[in-house]
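The values are calculated or read from the model by the stated rules, or taken from the named source; none is laboratory data. None of the values given here were measured: they were computed from a predicted structure. Cβ atoms come from the backbone with ideal geometry, glycine included; neighbour counts cover every protein chain shown.
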Amino acid sequence: MTLSSSASPDVLVLGGGLVGSAVAYGLAREGARVTVLDEDDGGFRASRGNFGLVWIQGKGYGLSPYARWSRSSAVRWPGFADALLAETGIDVALRQPGGFHFCFNEAELADREKRLSTLNAELGDYPYQMLDAAEVRERIAQVGPAVIGASYTPMDGHVNPLKLLRGLHAAMQTRGVRLVPGERAERIVPDANGFTVHARRGTYRAARVVLAAGLGNRALAPFVGLNAPVAPNRGQVLVTERVAPFLHYPTLNVRQTDEGSVQFGDSMEEVGLNDFTTTHVLSDIARRGVRAFPMLKDVRLVRMWAALRVYSPDGFPIYDRSQTHPGAFVVTCHSGVTLAAAHALRVAPWISGAPMPDELPSFSARRFENAAELTPAH
Ligand SMILES: Cc1cc2nc3c(=O)[nH]c(=O)nc-3n(C[C@H](O)[C@H](O)[C@H](O)COP(=O)(O)OP(=O)(O)OC[C@H]3O[C@@H](n4cnc5c(N)ncnc54)[C@H](O)[C@@H]3O)c2cc1C
């Protein structure tokens, strides 16, 4: 075991996915010395298998601070993407033209209207439109006859999520963050001056520790008086060969990437720690995509994968500071692309000592205490 005491960082971030990297980059912007420990390729990593949406519409139904929080990230995204480009030369291909949620029957349309009108009533300024089939086709000519309408908001967008992860890794390291790959944190020992993290290959110390290990947070949180009852939710995704640009807007289930390929997504399945693909789910996803865009029926699929979302019992994020060990924080969510700007530009300053952002008190895991019905045991 080695102890990195001479060069102890101010903050240890456990997990180097989108959440940990965005927080580490933000902490470095605040002037903190940061070390990130990231498990090896055998770990589960939503950040390498997601759909790339910076998505706002419908989010926060049932918990409006989540709508405000998501929007606060979306509005910061252009500056955030510009900073990554300036600092690393990596263009994460952010586009925010607004997004469509296609509906295939009246019940889906009614549900969309209900969600978005409720959010509008709760938040005030919440721009959205319900469109009939003709109005959808005016904006996206290739949509098939099975689409009977859509909701649209100008708030939505998308990025290239792999370029985002690479950009964050490059940006944080350019700012002096030490990334230790292949290093799984196994135990955290708090003391009066901070935390000792015992990892597979070494031992690390810092005054503050941030749990950003995705599904790994569940096991780490109790060491520092926190609670992170996250569980896996599998999503399967398909991607096609590259085709000429035809889809200039992201939609919830189909989007054309900056490189020309078309992604079809994505299932939501509670199957435990299983990130295998299954033919019947993939064929449903492909069928729905072709119903939306019949012109894609002969386009070749080139890859498919599954990845595990990091889900809390109510689906909303968990942001907490430990009451018993106040230098310990947990940051976890299931929209780490959408929220990357907020994690870097709002959560990191809070961890550095700034006041907690207004929206965050709603996301303490204390909401799960005495809420047994919300807590499936995975
Ligand atoms: C199919 C699918 C589609 C999605 N689509 C979108 C989308 O369109 N938009 C959006 O905003 N979000 C989307 N998401 C969610 C998004 O990908 C996740 O919110 C995000 O990747 C979570 O990042 P994370 O860093 O918390 O977790 P992860 O990506 O799982 O990363 C956790 C990291 O911690 C490491 N780790 C785990 N345990 C330890 C340990 N003990 N010590 C050290 N390191 C550890 C892991 O190796 C990993 O690198 C999607 C997810 C899936 C699966």
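Can you name the number of the only condition in (1) crowded, with 24+ Cβ neighbours inside 10 Å; (2) more than 9 Å from the ligand (Cβ to nearest atom); (3) assigned to a loop (DSSP other than H, G, I, E, B) that Thr338 fails?
Only one criterion is unmet by Thr338, namely (2).
Which of (1) within 16 Å of the ligand (Cβ to nearest atom); (2) surrounded by 16 or more Cβ atoms within 10 Å (Cβ to Cβ); (3) of a type outside the set (Ser, Thr, Tyr) is the odd one out, the single condition Leu273 does not satisfy?
That leaves (2) as the condition not met.
On the given criteria, is Glu39 surrounded by fewer than 24 Cβ atoms within 10 Å (Cβ to Cβ), farther than 22 Å from Ser335 by Cα and at pLDDT 95 or above? Please lay out each step first, then the result.
On the way: surrounded by fewer than 24 Cβ atoms within 10 Å (Cβ to Cβ): yes; farther than 22 Å from Ser335 by Cα: no; at pLDDT 95 or above: yes.
Answer is no for this residue.
Answer yes or no as to whether Val209 is near the ligand (Cβ under 10 Å from one of its atoms), outside any helix (DSSP H, G or I), more than 28 Å from Glu270 (Cα to Cα) and of a type in the set (Val, Ile, Thr).
Numbers: near the ligand (Cβ under 10 Å from one of its atoms): no; outside any helix (DSSP H, G or I): yes; more than 28 Å from Glu270 (Cα to Cα): yes; of a type in the set (Val, Ile, Thr): yes.
Judged against the criteria, Val209 is not a match.
Taking the stretch 29-53, which residues are more than 11 Å from the ligand (Cβ to nearest atom) and in a loop (DSSP other than H, G, I, E, B)? Reasoning before the result, please.
Just the residues of the stretch 29-53 that are more than 11 Å from the ligand (Cβ to nearest atom), to begin with: 29-35.
Correct list: Glu30, Gly31, Ala32, Arg33.
I'm trying to understand the selection: among the residues of the stretch 237-251, which are outside any strand (DSSP E or B), more than 9 Å from the ligand (Cβ to nearest atom) and not hydroxyl-bearing (Ser, Thr, Tyr)? Walk me through it before giving the result.
Looking only at the stretch 237-251, we keep the residues that are outside any strand (DSSP E or B), and these are 241-250.
Adding the requirement that they be more than 9 Å from the ligand (Cβ to nearest atom) leaves 241-249.
Scanning the stretch 237-251 gives Glu241, Arg242, Val243, Ala244, Pro245, Phe246, Leu247, His248.
Would it be correct to say that Gly315 is within 16 Å of the ligand (Cβ to nearest atom) and without any contact (Cβ under 8 Å) to a residue 60 or more places away in the chain?
Working: within 16 Å of the ligand (Cβ to nearest atom): yes; without any contact (Cβ under 8 Å) to a residue 60 or more places away in the chain: yes.
Against the criterion (within 16 Å of the ligand (Cβ to nearest atom) and without any contact (Cβ under 8 Å) to a residue 60 or more places away in the chain), Gly315 qualifies.
Do you know which residues across the stretch 190-226 are surrounded by fewer than 18 Cβ atoms within 10 Å (Cβ to Cβ) and out of contact with any His (no Cβ under 7 Å at 6 or more places or on another chain)?
Within the stretch 190-226, Asp191, Ala192, Asn193, His198, Arg200, Arg201, Gly202, Thr203, Ala207, Ala219, Pro222 meet the criteria.
Please determine, by comparing only the residues of the stretch 318-329 that are assigned to a strand (DSSP E or B) and touching a helix residue (DSSP H, G or I) at 6+ places or on another chain (Cβ under 6 Å), which one is nearest to the ligand (Cβ to nearest atom).
The first filter runs over the stretch 318-329 and keeps only residues assigned to a strand (DSSP E or B), leaving 318-321, 328-329.
From the residues that got through so far, the ones that are touching a helix residue (DSSP H, G or I) at 6+ places or on another chain (Cβ under 6 Å) too are 318-320, 328-329.
Values: Ile318: 10, Tyr319: 12, Asp320: 14, Ala328: 14, Phe329: 13 Å.
Looking at the filtered set, the residue picked out is Ile318.
Please state which one of Leu84, Leu94 is over 24 Å from Glu359 (Cα atoms), within 14 Å of the ligand (Cβ to nearest atom) and not assigned by TED's automatic domain parsing to the domain that holds Gly17. Spell out how you get there, then give the answer.
Working: Leu84 fails: within 14 Å of the ligand (Cβ to nearest atom).
Result: Leu94 is the single residue among Leu84, Leu94 that is over 24 Å from Glu359 (Cα atoms), within 14 Å of the ligand (Cβ to nearest atom) and not assigned by TED's automatic domain parsing to the domain that holds Gly17.
List the number of the failed condition for Gly216; all other conditions in (1) within 12 Å of the ligand (Cβ to nearest atom); (2) more than 27 Å from Lys163 (Cβ to Cβ); (3) of a type in the set (Gly, Ala, Ser) hold.
Looking at each condition in turn, Gly216 falls short on (2).
With respect to Gly15, determine if the residue is crowded, with 20+ Cβ neighbours inside 10 Å, within 15 Å of the ligand (Cβ to nearest atom) and at positive phi. Can you show your working first?
Values: crowded, with 20+ Cβ neighbours inside 10 Å: yes; within 15 Å of the ligand (Cβ to nearest atom): yes; at positive phi: yes.
In short, yes.
Which of the helices (runs of 4 or more DSSP H) contained wholly in the stretch 104-179 include at least 1 residues that are under 30 Å from Asp40 (Cα atoms) and at pLDDT 95 or above?
Working: elements: 106-123, 133-139, 161-174.
Of the helices (runs of 4 or more DSSP H) lying wholly inside the stretch 104-179, those with at least 1 residues that are under 30 Å from Asp40 (Cα atoms) and at pLDDT 95 or above span 161-174.
Restricting to the stretch 291-306, name every residue that is within 11 Å of the ligand (Cβ to nearest atom) and crowded, with 22+ Cβ neighbours inside 10 Å.
none
Among Arg201, Arg234, which is part of a strand (DSSP E or B), charged (D, E, K, R) and either within 14 Å of the ligand (Cβ to nearest atom) or under 19 Å from the mean Cα position of the chain (by Cα) (or both)? Step through it out loud before you land on a result.
Values: Arg201 fails: part of a strand (DSSP E or B).
Checking each option against the conditions leaves just Arg234.
Tell me whether the stretch 173-194 contains one or more residues that are acidic (Asp, Glu) and without any contact (Cβ under 8 Å) to a residue 12 or more places away in the chain. Even if it seems obvious, please write down each step before you answer.
Taking the stretch 173-194 and keeping what is acidic (Asp, Glu), we get 183, 186, 191.
From what is left, the residues that are without any contact (Cβ under 8 Å) to a residue 12 or more places away in the chain are 191.
Looking for residues that are acidic (Asp, Glu) and without any contact (Cβ under 8 Å) to a residue 12 or more places away in the chain, one finds at least one in the stretch 173-194, hence yes.
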